[in-house]
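Read through the structure below, which is laid out as structure tokens, and then see the notes.
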Amino acid sequence: MQRPATGDTAFERFVLPEIEVLLRVANSLTRNHAEAEDLVQDTLIRAYRGIDGFDGRHPRAWLLTILRNTHINRNRRRRPELLRDPDAAFDRLAAAPSDDEADATVDHELDVEIVRALDELDDRFRRVIELVDVDGLSYAEAAEVLAVPVGTVMSRLHRARSRIRDRLDRAGLAPRSHM
Amino acid sequence: MPGNHVKAWIMKLFGRAPATDAMDCHEVGALLQHYLDGHIDAERARRIEEHLDDCRRCGMEAETYERIKVTLAAHRPEVPPESVERLRAFGERLARGEDPSTP
Ligand SMILES: [Zn+2]
């Protein structure tokens, strides 16, 4: 199956530009860099095998579907001990160098609280926030990754955000109206 | 659209039909997330902004959600550039029909 090295195969045109997005999403799914890289590698192999049947429309959505299926298959083959580390995101943030300004301290406190709130969400709510707000996917793309309807992505997203908001409120960190 | 029809009817029932094209708190609340995600047409966005400027409570609400969204986006974890590089090289070898695992 020799292909011309012209730099203009469908695979090069549709797949290579999406590698970074794929890796981002893989990181969200696996929460482990090495694992994520392996997952994207497997996804690339599957995409390469399937490229002849791909119609060229919505390459990102097509690739995200492959990524999701690959992820499911890989998980089936392994022990479920690779659970996410709930403190990872928080540690990363807490370790961020703090600024001298008082404003920055308040901001930092708010940021920490937001990320904590994210980590404490149920998986199905946290995932959708990570994909849309953190990874920057559209509703439709997130729906591909999660294999749920777009409407479900929206309702989970909105509920997840309002839970984070409520938590800020309880911590006295949400802006309040004084009416 | 039947949804709009029902909404108009409910608003009429509760005597909250807006006199102008201004939106009320309920309408803005229902659309706020779509607005913040940029999934709304310019005309409705304008009407929402009008309300957010006038209504302190909704304005605060919008500000909080915006803050959450911005913070989450700002803390997007780095994808290691060397990881992207390795995967790109892997993909390029695949595209050339070479064995991708041996650089
Ligand atoms: Zn209002």
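The values are calculated or read from the model by the stated rules, or taken from the named source; none is laboratory data. Just so it is clear, the model here is predicted, and its values are computed rather than measured. Cβ sites come from the backbone with ideal geometry, for glycine too, and all protein chains shown count toward neighbours.
A few comments on the model shown:
- Tally of residues being closer than 22 Å to A:S138 by Cα and within 13 Å of chain B (Cβ to nearest Cβ) across region A:30-58: 8
- Only residues that are in contact with a Phe, Trp or Tyr (Cβ under 8 Å, 6 or more places away or on another chain) and more than 12 Å from the ligand (Cβ to nearest atom) were counted across region B:25-36, and they come to 2.
- In region B:43-76, the residue that is nearest to the ligand (Cβ to nearest atom) out of those that are closer than 30 Å to A:L29 by Cα and surrounded by fewer than 17 Cβ atoms within 10 Å (Cβ to Cβ) is B:E63.
- Residue list for region B:82-95, filter: over 17 Å from A:T43 (Cα atoms) and either buried (at least 21 other Cβ atoms within 10 Å of the Cβ) or facing chain A (nearest Cβ under 9 Å) (or both): none
- Here B:A17 does not qualify as more than 15 Å from the ligand (Cβ to nearest atom), at pLDDT 75 or above and not β-branched (V, I, T).
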